[in-house]
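*Asks:* Here it is: the structure, laid out below.
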Amino acid sequence: MRILLTNDDGIHAPGILALKTVLEGLGEVRVVAPERQRSASGHGMTLHKPLRITPTRLADGSEGFATSGTPTDCVILGLDVVWEGECDLVVSGINLGSNLGWDVTYSGTVSAAFEAAILNLPALAVSLALDRHVEGYKPDFGTAAQFTLSMAQKLLADPLPPHTFLNINVPAIPENEILGVAITHQGRREYVDRVATRQDPAGRPYYWQYGNLREYDPDAGSDVHAVLNRRISVTPIQLDLTAYNLMEQLRDWNL
Ligand code: MN
């Protein structure tokens, strides 16, 4: 069993090491991840400049491969170069912060799983659903890592159709406060106050994107609703984004 492990928080982020430690119980794990923070890089791919792979020591002393590319680049380099085309499973995470609803389109973590699905490999994207910065809070990836191991075992025993993957979000609360697992659909996420304007020392404006979540009642059955209600969210995702219900209306346009 050959497992490719990546993320978008960078190769030295604690979430990826937590996952590596548990997945080693399942097979041989190779960590191929961005050399720096690449969150919200979406499904970006590097085409117009060379990429580098740098062997790196992880915090546990084991070997990893840091790349100069995006999470998507990491999946391609990991599969074609590091694993030389022989890989059974791709896992992306554990991201520090949720990847719920429409956020999956921004997410480098989820996009790595999209890339694996395109390459016809089974994949899991895993996130620790922590949305507020709490001073002094030390994230605990243990529950999410153990859950990912059990999901990887289920996925390998009962494979899903080609070009699909699972997006997993684990609430960042103590394990004994988690109320179970919900199979969910993608919910909604929108942001307000998205751009902060400041001035640089020369008096010129610069802009910092961040934003606060728009408050609304998430629909029951959605990933957002599950995590809010202390459940682990598992969303099956497919590559086909077609709005099938609009095709009939378009036909009436007499194109
Ligand atoms: Mn991230």
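The values are calculated or read from the model by the stated rules, or taken from the named source; none is laboratory data. These numbers come from a predicted model, not from an experiment. The area values use the complete protein model at the heavy-atom level, side chains included, leaving out ligands, DNA and RNA. Shrake-Rupley method; radii C 1.70, N 1.55, O 1.52, S 1.80 Å.
*Asks:* Cα centroid distance between region 233-254 and region 158-216, in Å?
*Replies:* 23
*Asks:* Could I ask something else about it? Mind putting together the pair-distance distribution for region 137-255? All Cα pairs, 5 Å bins, whole percent per bin, short to long.
*Replies:* 2, 9, 12, 14, 14, 14, 11, 9, 7, 5, 3, 1, 0
*Asks:* Expressed as cubic angstrom per residue, what is the convex hull volume of the alpha carbon set of the chain?
*Replies:* Expressed per residue, the convex hull around the Cα atoms of the chain is 195 Å³.
*Asks:* Tell me, in nm to one decimal, what length is gained between Q37 and Y191 on full extension, where the rule is 0.36 nm per residue of separation less the Cα-Cα distance?
*Replies:* Roughly 53.3 nm would be gained on extension.
*Asks:* In square angstrom, what is the accessible area per residue of region 86-183 with a 1.4 angstrom probe?
*Replies:* Solvent-accessible surface per residue comes out at 45 Å².
*Asks:* I've got another one for you. Tell me, what HN-Hα J-couplings in whole Hz come from the Karplus equation 6.51 cos²θ - 1.76 cosθ + 1.60 at θ = phi - 60° for each residue of region 143-156, using x for Gly and Pro?
*Replies:* Once θ is set to phi - 60°, the couplings for region 143-156 become 5, 5, 5, 5, 5, 4, 4, 5, 5, 4, 5, 5, 5, 6 Hz.
*Asks:* Return P(r) of region 87-193 (all Cα-Cα pairs; 5 Å bins starting at 0; whole %; ordered from short to long distances).
*Replies:* Each 5 Å bin holds this share of Cα pairs: 2, 12, 22, 24, 20, 12, 5, 2, 0, 0.
*Asks:* First compute the accessible area of the chain with a 1.4 Å probe, then give the percent of it belonging to carbon and sulfur atoms.
*Replies:* Working: 7410 of 14100 Å².
Accessible surface attributable to carbon and sulfur in the chain totals 53 percent.
*Asks:* How are the Cα pair distances of region 11-118 distributed, in percent, across 10 Å bins from 0?
*Replies:* 15, 51, 31, 3
*Asks:* Can you run phi through the Karplus equation (6.51, -1.76, 1.60; θ = phi - 60°) for region 211-221 and list ³J(HN,Hα) in whole Hz, with x for Gly and Pro?
*Replies:* Per-residue couplings from phi come out as x, 10, 5, 6, 6, 7, 8, x, 5, 4, x Hz.
*Asks:* Given the rule -39500 (n - 2.57) for each run of at least 4 DSSP H residues, summed and divided by the residues of the chain, what is its mean residue ellipticity at 222 nm, to the nearest 500 deg cm²/dmol?
*Replies:* Dividing the helical sum by the residues of the chain leaves -6000 deg cm²/dmol.
*Asks:* Using Cα positions and a limit of under 22 Å, work out the lysines in reach of K138, with same-chain residues fewer than 8 apart set aside.
*Replies:* K20
*Asks:* What ³J(HN,Hα) values, in whole Hz, does the Karplus curve 6.51 cos²θ - 1.76 cosθ + 1.60 give for region 58-66 when θ = phi - 60°, with x put for Gly and Pro?
*Replies:* With the stated coefficients, region 58-66 comes to 7, 4, 8, x, 7, 8, x, 10, 8 Hz.
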